[in-house]
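Undergrad: Once you've had a glance at the structure underneath, I'll fire off some questions.
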């Protein structure tokens, strides 16, 4: 239901209100203004003491003693200077109220807004009621400079409302104080006077004070014992030390253990109380508790102190009576100190989790329970953790130091407690040294990266116990720093990069890295690097293995399967371009022979064709017989020769006719003298020469 709808309902109620004469607006009334679409006007405004309304944007509008119709016209006329469309404007009285001021002997004097028919009694209730000492028969009502005095007490005695005047807006109700009240105001409580005893000035009175409900002086009576006098004083408080009550009787002081009397019922233990005796009940904090059945609890508990033990009381009972451990308590290291000096350790955390083997420690009279304070991570003193229950964490962690150890913790719990590895930590080789006996320790190397990546169970974590040492090594900051500090890293964590790279040397390598990572760490290949003939030496076990890599082909195709799988200990060599061909074995070259401009051995890549080799060798010379180029393929099992017609290929451009070449093959380009046509022409020439000679001989 919207606010506008509620205001509309209020308007309808007032339209059908009984009465022939239209109501005139009074000070304190609540006026509702409704103008659809204007949030600043769709609300209620109260008529102030001057009879005015303060409207947003237009300011003050006089409203007192107007009818609703007159006020609506006035508001509409005022708003017309700001708003163009006021056809939907509605102005009506939503609440008829009184603005009354209440002064004098009331609890909360001030100005109050009351409903229209509020009475004097409702006005007093709004002011918090009358104060003790108000003069009820001389109430005053101030109205328009006139004072009306009326007797409010008669109304309280008879209930006749005719004794009370009717309230109107701007009335001031004044409640005077009784003339019997002095110049100094003081609370008077008869009950307190009675509680202070009935013989305040009698020297023979029995004086009872301290931790009792109503201390005071009481008239001496025969046959009243100590318990009777304590009852006269309302009994002892919860803080009373009833085992240390002090009594002075006949100028002789003595101490009474009231608890002993209550436990035994032996009245002979009660002292003789005579006239003028004094009884003092001290606080518990003012005494030192001791006894044959006392148990002491100290340290981080809510209420440390000495507690009276009872048969059957357990460790948990005593801890609960002391309010339990505080938020600063180290509940894993609770110690029970026996009277003979021996100590029993107890882990409350394990007990609450149901993991403790055994039972609660037995508490006997004279035992002391000590709950130490939890260690602060910023604590400078390491002496709070003894060596036999500490683990030392050093290296690249957020907060290295000595950490208190608990048997249910694991290596991951410990690393989390010290803030985890830092950004420079080598988490693939965490070193742990754990003592297994007094004079023997065992070393472990743990790969945290693999453990998390493979999702291994906690049972595969290395053994850590009190006395262990955990070292988290650091990674190099950058390649140059790694190179200069290579001596600090072991060989079994390094890989070697030589040849045409920016920074050749020895680099840290982890299983998460691959070939391009190492190449990037070495600042990449130089401009003289031969990317087609990279060599990688793999140390697989006892034997070495060499693989070749055409890195240029990877950049052309993006095929990551071309990249080799490098491991720790491998060596990467990137040769220089245009090195002497004699350095290359015959299996890596192709021989080009015959009628060629530059015969010789040439480096061959798998992406090259016979055309590339012929072009690199300067092409066939003028005497080349290009129709019968011979390609000799060399393989392990079958050697074969093929004929390639370069002249026909130049006319057809059929790429499938190009012969397949492999490293180690030979290309031979014959000369024209070796062609059949040339031999036939030579034979014909020889025949003609012979015929010519024969004819010449015949003539001769």
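The values are calculated or read from the model by the stated rules, or taken from the named source; none is laboratory data. No experiment lies behind these values; they were computed from the predicted model shown. As a convention, Cβ positions derive from the backbone with ideal geometry for all residues, glycine included, and neighbour counts pool all protein chains shown.
Undergrad: Only one of (1) within 32 Å of the chain's Cα centre (by Cα); (2) modelled with pLDDT under 85; (3) surrounded by 16 or more Cβ atoms within 10 Å (Cβ to Cβ) is not met by residue 477, so which one is it?
TA: The one condition residue 477 does not meet is (3).
Undergrad: Still on this structure, please answer the following. Regarding segment 181-197, can at least one residue be identified that is surrounded by 13 or more Cβ atoms within 10 Å (Cβ to Cβ) and modelled with pLDDT of 70 or more?
TA: Taking every residue of segment 181-197 in turn, at least one turns out to be surrounded by 13 or more Cβ atoms within 10 Å (Cβ to Cβ) and modelled with pLDDT of 70 or more.
Undergrad: For the condition at pLDDT 85 or above and outside the structural domain of residue 313 (by TED's automatic domain parsing), what is the one hit in 410, 406, 342?
TA: The conditions single out 410.
Undergrad: Quick check: anything in segment 659-676 modelled with pLDDT of 85 or more, within 27 Å of residue 557 (Cα to Cα) and not assigned by TED's automatic domain parsing to the domain that holds residue 556?
TA: Yes, segment 659-676 has at least one match.
Undergrad: Given the conditions (1) at negative phi; (2) surrounded by fewer than 19 Cβ atoms within 10 Å (Cβ to Cβ); (3) part of a loop (DSSP other than H, G, I, E, B); (4) in contact with a strand residue (DSSP E or B) (Cβ under 7 Å, 6 or more places away or on another chain), and given that residue 41 satisfies all but one, which numbered condition is not satisfied?
TA: The single condition residue 41 does not satisfy is (2).
Undergrad: Given the conditions (1) crowded, with 18+ Cβ neighbours inside 10 Å; (2) not assigned by TED's automatic domain parsing to the domain that holds residue 152, and given that residue 104 satisfies all but one, which numbered condition is not satisfied?
TA: (2)
Residue by residue, here is whether (1) more than 52 Å from the chain's Cα centre (by Cα); (2) under 26 Å from residue 173 (Cβ atoms); (3) not in a loop (DSSP other than H, G, I, E, B) holds:
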residue: 36; (1), (2), (3): no, no, no
residue: 72; (1), (2), (3): yes, no, yes
residue: 81; (1), (2), (3): yes, no, no
residue: 93; (1), (2), (3): yes, yes, yes
residue: 101; (1), (2), (3): yes, yes, yes
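Undergrad: If you check residue 100 against the conditions, is it in contact (Cβ under 8 Å) with a residue 40 or more places away in the chain, closer than 13 Å to residue 166 by Cα and in contact with a strand residue (DSSP E or B) (Cβ under 7 Å, 6 or more places away or on another chain)?
TA: Taking the combined requirement at face value, the residue satisfies it.
Undergrad: Also: If I go through segment 356-393 residue by residue, how many of them are modelled with pLDDT of 75 or more, within 16 Å of residue 334 (Cα to Cα) and within 30 Å of the chain's Cα centre (by Cα)?
TA: 5
Undergrad: Can you work out which of the residues in segment 217-243 that are in a strand (DSSP E or B) and free of Cβ contacts under 8 Å to residues at least 40 places away in the same chain is surrounded by the fewest Cβ atoms within 10 Å (Cβ to Cβ)?
TA: By that ranking, first place goes to 217.
Undergrad: Continuing with the same structure: All but one of (1) at pLDDT 80 or above; (2) loosely packed, with under 13 Cβ neighbours inside 10 Å; (3) over 39 Å from the mean Cα position of the chain (by Cα) hold for residue 296; state the number of the condition that does not hold.
TA: That leaves (2) as the condition not met.
Undergrad: Looking only at segment 92-110, which residues are closer than 30 Å to residue 35 by Cβ and out of contact with any helix residue (DSSP H, G or I) (no Cβ under 7 Å at 6 or more places or on another chain)?
TA: 95, 96, 97, 98, 99 - these are the residues of segment 92-110 that are closer than 30 Å to residue 35 by Cβ and out of contact with any helix residue (DSSP H, G or I) (no Cβ under 7 Å at 6 or more places or on another chain).
Undergrad: So residue 492 ticks every box in (1) within 20 Å of residue 575 (Cα to Cα); (2) within 41 Å of the chain's Cα centre (by Cα); (3) not in a loop (DSSP other than H, G, I, E, B) but one. Which box is left unticked?
TA: Every listed condition holds for residue 492 apart from (1).
Undergrad: A further question follows. I'd like the residue in segment 534-551 that is outside any strand (DSSP E or B) and at pLDDT 85 or above and, out of all such residues, is farthest from the chain's Cα centre (by Cα).
TA: Once the filter is applied, the top-ranked residue is 550.
Undergrad: Here's a follow-up. With the structure loaded, tell me whether residue 394 is surrounded by 16 or more Cβ atoms within 10 Å (Cβ to Cβ), touching a strand residue (DSSP E or B) at 6+ places or on another chain (Cβ under 9 Å) and either in a strand (DSSP E or B) or at positive phi (or both) or whether it fails that test.
TA: Here the answer is no, as residue 394 does not meet what is asked.
Undergrad: Condition test on residue 445, is it within 18 Å of residue 511 (Cα to Cα) and under 27 Å from the mean Cα position of the chain (by Cα)?
TA: In short, no.
Undergrad: While we're here: Could you grab me the full set of residues in segment 516-533 that are in contact with a strand residue (DSSP E or B) (Cβ under 9 Å, 6 or more places away or on another chain), farther than 13 Å from residue 567 by Cα and either not assigned by TED's automatic domain parsing to the domain that holds residue 562 or not in a strand (DSSP E or B) (or both)?
TA: Correct list: 519, 521, 522, 523, 524, 526, 528, 530, 531, 532, 533.
Undergrad: Is it true that some residue in segment 507-515 is outside the structural domain of residue 387 (by TED's automatic domain parsing), surrounded by 14 or more Cβ atoms within 10 Å (Cβ to Cβ) and modelled with pLDDT of 85 or more?
TA: Yes, segment 507-515 contains at least one residue that is outside the structural domain of residue 387 (by TED's automatic domain parsing), surrounded by 14 or more Cβ atoms within 10 Å (Cβ to Cβ) and modelled with pLDDT of 85 or more.
Undergrad: So, in segment 115-138, how many residues would count as being touching a residue at least 40 places away in the same chain (Cβ under 8 Å), surrounded by fewer than 19 Cβ atoms within 10 Å (Cβ to Cβ) and not in a loop (DSSP other than H, G, I, E, B)?
TA: 2
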